[in-house]
Amino acid sequence: MPTDSLSLASTAQAGRQITPLISVSGFHGKARCLAAELRNSALHCVGHMPGRYFRGSLYRMFGVKLAWGARIAPGCWVLGGPSRISVGEGSVINRGVVLDGRFPLTIGENVSISIQTIILTLEHDLSAADFRAVGAPVVIGDRAFIGARAIVLPGITIGEGAAVAAGGVVSRDVPPYAIVAGVPARVIGSRSRNLTYRF
């Protein structure tokens with residue numbers, strides 16, 4: 001399936017708004033798929049460029065809305081439409097993180113995303129007979145923290161100041177300042193509501 005597909009009307013699934021996708025067939029569909037593959041290959045190369053300012057400038061050229069004080073470490077993967085990814089001031093995206101831009105992905109200010117985290121905006125509908133792809137936007141609030149190798153599924157909002165423990169699988173929204181852990185991630189504690197740190 002092409003990484004950029006046409007969306008249909010939204011449907012509800014597991015309490016989230018999920019938009020099913022259809023692929024475009026024929027010559028135009030194949031050309032679109034090829035263009036997306038070329039763009040994704042170029043973005044993969046950008047992810048291995050030295051120098052955070054140079055790398056950041058290249059991501060901006062591809063359409064990522066990357067604040068000047070935000071950092072994307074080497075080795076990250078940007079999937080789908082880079083123009084649908086927004087990273088706020090002071091946020092730090094560490095090595096090996098997957099940022100899925102096939103639907104909007106909004107990362108607030110002073111967010112810390114640890115190594116090898118996967119943030120998805122598209123998945124397959126396991127209950128559908130045609131195993132169709134469905135997607136929804138992901139929003140990560142200011143000063144949120146996501147631990148190493150956590151997975152954030154489509155349609156999730158992680159509230160301001162919330163924290164996801166390493167290895168957690170976030171399948172439902174995380175309230176502001178909550179600490180969640182596990183598979184699926186559940187609330188296990190809370191953070192201070194007076195967070196003032198900046199990166």
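Name every residue in region 39-68 that is at pLDDT below 95 and touching a Gly at 6+ places or on another chain (Cβ under 7 Å), in order of residue number.
Gly47, His48
Considering only residues that are within 21 Å of the chain's Cα centre (by Cα), of a type outside the set (A, V, I, L, M) and outside any helix (DSSP H, G or I), which ones fall in region 30-62?
Result: Gly47, His48, Phe62.
Sort out which residues of region 73-120 are in contact with a helix residue (DSSP H, G or I) (Cβ under 6 Å, 6 or more places away or on another chain) and buried (at least 18 other Cβ atoms within 10 Å of the Cβ), and write them in order of number.
Val78, Gly101
Quick one: which strands (runs of 3 or more DSSP E) lie wholly within region 98-197 and hold at least 1 residues that are without any contact (Cβ under 8 Å) to a residue 12 or more places away in the chain and among the small types (Gly, Ala, Ser)? Outline the logic, then answer.
Working: elements: 98-101, 105-107, 122-124, 133-135, 138-140, 178-181, 186-190.
Answer list for region 98-197: 186-190.
The values are calculated or read from the model by the stated rules, or taken from the named source; none is laboratory data. Values in this document were obtained by computation on a predicted structure and should not be read as measured data. Quick reminder, even Gly has a Cβ in these numbers, built from the backbone with ideal geometry, and neighbours come from all protein chains shown.
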